[in-house]
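All remarks here apply to the structure that follows.
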Amino acid sequence: MTSSTATAAGTTAAPKTKYRGVTARILRRAWGQTEMKVAASIFLALTLLTLFGPYIIDASATKMSVANKFLPPIFMEGGKLPHFLGTDQLGRDLLLRSLIGLRNAFAIGVVSVVGMFILGCAIGIYSGYRGGLTDVILMRLTDVQMSIPVVILAITVLGMSRPSPLTIIAVLILASWPVYARVARGVTLAERQKEYVRAAKILGASDLRIMVRHIAPSILPPIAFVAVLDVARMMIFEAIFGFIGIGIQPPTPTFGTIIASGTQYLLNAWWITIVPGVLLALALGSLNLMGGVLERARNHILQGGE
Amino acid sequence: MAFAIEFFLRRISQGVVIVILVAFVIFTLLRIVPGDPIRIILGPMASAAALEEKATELGLRDPIYVQFGRFMGQVTTGDFGRSFIRGAQGGSAGGSQDAAGYNPESRASVSGLIANALPYSLQLAALGIAFAFLVAIPIGLGAGLRAGKWPDRLGLYVSSLFVSLPNIWVGVVLIFLLSAKTGWLPAIGYQGFAYTIIPAMVLAIELSPVMIRAISVSVAANLGEVYFDVGLVRGLSRRTMVAKHVLRNAAVPLLNLFGAQMIGMLLGGLFVVEYIFSYPGIGMLTINAVFQRDFPIIQAVAILASAALVAINMLVDFASTTIDRRLKF
């Protein structure tokens with residue numbers, strides 16, 4: 001709490017005091033980089049487009065139209081409005097389909113990362129705080145989980161059952177929580193020794209309260225940029241699942257299914273595959289660049305930079 | 001020597017436990033997730049009685065721990081069972097035979113199928129890693145040696161760009177550009193070494209960001225160490241210090257990265273890339289097996305993959321402890 005109030009005061013007066021919180025200094029340093037501003041702008045633009053595009057563009061993402069099939073993007077000869085990025089083999093608007101795909105992928109990415117963060121942190125904190133046999137068993141469990149490649153686990157579960165957004169999220173969480181558990185455990189081991197935790201204990205705080213109120217908040221900063229990068233990673237997984245046919249099922253548009261369906265028309269209508277991919281790559285690129293800059297800013301600050 | 005023996009005894013015993021647990025997880029998962037292989041073996045027309053009879057015969061109605069015990073007993077003798085679907089002569093049957101016509105003896109052995117597919121996957125993996133190094137070493141070294149300067153930014157941009165390109169999309173784009181449009185390289189299936197090149201490029205794009213980051217971080221960290229300045233003070237040139245000392249020391253974290261992160265990524269990447277290019281390796285075999293509910297193949301691949309992961313991690317740890325004895329195991 002104190003660190004955030006100190007920042008609020010510090011940003012206006014901008015004195016180079018060391019009282020400013022580490023997190024605030026990392027964010028400040030990251031925001032100072034041009035890359036961060038560019039990435040954030042792209043991300044914001046895509047978000048706005050995703051939110052409002054479907055209301056502004058007068059076309060349909062799911063309604064088929066034989067007359068309008070295989071229309072190229074408008075910057076090419078033969079393209080026509082309102083199909084900015086052309087249409088697919090069934091005459092559906094590609095921009096709208098991509099935007100809806102982006103929205104779904106992003107939702108799945110965020111929800112699964114929040115899920116794996118919560119699950120991983122809960123297990124990691126518990127493991128580190130308890131120590132002893134509990135710790136040994138839980139950490140062996142992360143070893144086991146980490147020894148199963150994500151894709152094998154995912155295609156096994158999703159390929160056999162009927163895939164839905166919920167099962168996709170569950171699989172992603174199941175496959176990726178151990179990383180968070182490892183980091184959370186490491187932080188817990190360090191925090192557990194500190195004065196304030198011992199003081200809280202002497203004052204009669206319960207173990208649960210110490211874990212939730214005192215240890216959990218210190219895990220967020222070291223792992224926040226991993227989480228940003230992971231959202232992008234999960235979005236790629238979602239696209240891969242869709243491509244293999246074990247993702248969100250048609251007619252809901254997803255990047256994977258759009259790209260897969262376009263491969264049959266590659267020679268005559270390359271844009272069906274290429275265009276949505278560019279949009280996805282832009283979204284992922286802005287996320288990854290933000291994550292990368294945050295990580296570098298963090299390293300810079302932790303090594304004593306300002 | 002005693003060190004090596006102690007190390008391996010300890011790590012192998014841990015590794016075996018992990019692999020057995022992984023096997024159990026996958027084995028159980030396959031049997032509790034909906035999707036009945038008998039239905040696929042016998043086809044939609046088979047009667048319920050015939051289904052039950054066949055399931056009992058294949059042992060799929062026994063309790064899971066009984067099935068697992070039986071399976072592990074076989075595995076210790078090197079036998080991963082026979083495919084439910086694939087014929088011993090190649091080609092896949094299934095879907096139309098009646099219960100009496102199904103004979104496990106006529107099915108391809110799983111170890112045989114894997115042995116056939118493995119060389120293709122290894123070839124693809126090796127070429128992919130080689131391409132990735134070609135990209136990552138110059139960029140990573142430049143970024144590490146000139147932290148904060150333009151090569152450092154280049155490293156950030158290239159790695160951010162490459163992680164942002166979904167492999168399915170890169171695969172299709174490269175097929176379009178290098179194969180369909182120009183006809184420079186063959187892409188789909190496998191009829192010779194040239195068919196490995198485009199898939200390996202996709203794999204390399206997926207692997208290189210992690211490498212670039214690891215190389216640059218590790219080199220930059222070593223430049224900040226005291227020994228580097230001491231070397232300069234004693235009159236060694238910067239070039240000698242980098243070539244003789246920094247690179248060697250920077251290799252240890254790189255090795256670790258290889259174990260922990262790369263192999264998992266590589267396996268996942270192989271699966272997807274093989275699927276995109278219909279490349280006849282382990283990944284293709286497994287994805288087809290999943291769609292056909294061919295349990296024996298999936299189990300075997302999962303066990304072998306995790307065993308490979310554990311074994312490589314062990315070797316990597318051994319290598320890094322021998323290079324740097326300060327590390328404990």
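Every read-out reported here was derived from the displayed coordinates using simple, explicitly stated rules and does not represent laboratory data. Please read these numbers as outputs of a predicted model, since none were measured by experiment. Virtual Cβ from ideal backbone geometry, glycine too; neighbours counted across all protein chains shown.
Descriptive notes on the structure:
- Since only A:Val151, A:Val110, B:Ala308 are under comparison, the one whose Cα sits farthest along the positive direction of the charge dipole of the protein assembly as shown, derived from C-beta charges on Lys, Arg, Asp and Glu, is A:Val110.
- Ascending count of other beta-carbon atoms within 10 Å, so fewest first, for A:Asp93, B:Asp317: B:Asp317, A:Asp93
- Shape of chain B, Cα gyration tensor, a/c cut at 1.5: oblate
- Candidates B:Tyr157, B:Asn116, B:Ile129 compared by Cα position along the dipole of the protein assembly as shown: farthest toward the positive end lies B:Tyr157, with charges placed on Cβ.
- Within the protein assembly as shown: Cβ-based charge dipole about Cα centre, in debye rounded to nearest 20 (Lys, Arg +1; Asp, Glu -1): 2100 debye
- The ranking of B:Tyr227, B:Tyr120 from fewest to most other beta carbons within 10 Å of each one's beta carbon is B:Tyr227, B:Tyr120.
- Averaged over peptide B:153-163, the number of partner chain Cβ atoms lying within 10 Å of each residue's Cβ comes to 5.
- Between the amide H of B:Arg107 and those of B:Ala88, distances stay under 5 Å, these residues lying 5 or more places away or on another chain, with hydrogens modeled in the peptide plane.
- Order of B:Arg11, A:Arg162 - criterion: other Cβ atoms within 10 Å of each residue's Cβ, fewest first: A:Arg162, B:Arg11
- Global form of region B:117-173, assessed from the alpha-carbon gyration tensor, a/c cut-off 1.5: oblate
- Remark: mean inter-chain Cβ contacts per residue of A:37-48 equal 0, using a 10 Å Cβ-Cβ cutoff to other protein chain atoms.
- Helices of chain A meeting both criteria, an alpha-carbon length of 18 angstrom or more along the long axis and an average Kyte-Doolittle score not below 0.5, with helices taken as full DSSP H segments, are A:34-56, A:94-130, A:132-146, A:165-192, A:220-244, A:271-302.
- Tensor-based shape of chain A (alpha-carbon gyration tensor, a/c under 1.5 rounded, otherwise prolate or oblate): oblate
- Region A:165-254: chymotrypsin sites (Phe, Trp or Tyr not before Pro) falling in loop per DSSP and having at most 11 other Cβ within 10 Å: none
- Here the label points at B:Leu247 and A:Ala205, each 7 Å from Cα along the C-beta direction, are separated by 5.1 nm in the simple model.
- For the protein assembly as shown, the spread of Cα coordinates along the three principal axes comes to 82, 72, 59 Å, biggest extent given first.
- Computed label-point distance, nm, for sites A:Tyr265 and A:Leu189 using a 7 Å Cα→Cβ extension: 5.6 nm
- Our helix-only sum for chain B, with -39,500 (n - 2.57) per DSSP H run of n ≥ 4 divided by its residues, gives a mean residue ellipticity at 222 nm of -22000 deg cm²/dmol.
- The protection proxy used here, the mean number of other Cβ atoms lying within 10 Å of each residue, ranks peptides B:283-292, A:265-274 as follows, highest first: B:283-292, A:265-274.
- For a label point 7 Å along the Cα-to-beta-carbon line of A:Ala45, residues of region A:275-294 with backbone N under 17 Å: A:275-290
- Taking every DSSP helix (H) stretch of at least 4 residues in chain A, weighting each as -39,500 (n - 2.57) and dividing the sum by the residue count yields a mean residue ellipticity at 222 nm of -23500 deg cm²/dmol.
- The charge dipole of region B:1-83, taken about the Cα centre with unit charges on the Cβ atoms of Lys, Arg (+1) and Asp, Glu (-1), comes to about 200 debye, rounded to the nearest 20.
- Counted residue by residue at 0.36 nm each, then reduced by the alpha carbon distance between them, the extension gain from B:Met45 to B:Ala126 reaches 24.6 nm.
- Put simply, when B:170-178, B:241-249 are sorted by average Cβ atoms within 10 angstrom per residue, most first, you get B:170-178, B:241-249.
- Across peptide B:169-175, the average count of Cβ atoms from other chains found within 10 Å of a residue's Cβ is 6.
- Part-to-part distance (alpha-carbon centres) for region A:102-181 and region B:115-131, which is given in Å: 29 Å
- For region B:232-281 versus region B:1-43, the spacing of their alpha-carbon centroids is 28 Å.
- Taking every full run of DSSP H in chain B, the ones that stretch at least 27 Å from end to end by Cα along their long axis and average 0.0 or higher on the Kyte-Doolittle scale are B:2-32, B:110-145, B:197-223, B:295-323.
- Put simply, the amide H of A:Leu71, placed in the peptide plane, has neighbours under 5 Å in A:Thr87, leaving out anything fewer than 5 places away on its chain.
- Calculated FRET efficiency for the pair A:Lys37/B:Ala115, C-beta based, R₀ 41 Å, to 0.05: 0.15
- Dipole magnitude of region B:113-323, debye to nearest 20 (Cβ charges: Lys/Arg +1, Asp/Glu -1, about Cα centre): 680 debye
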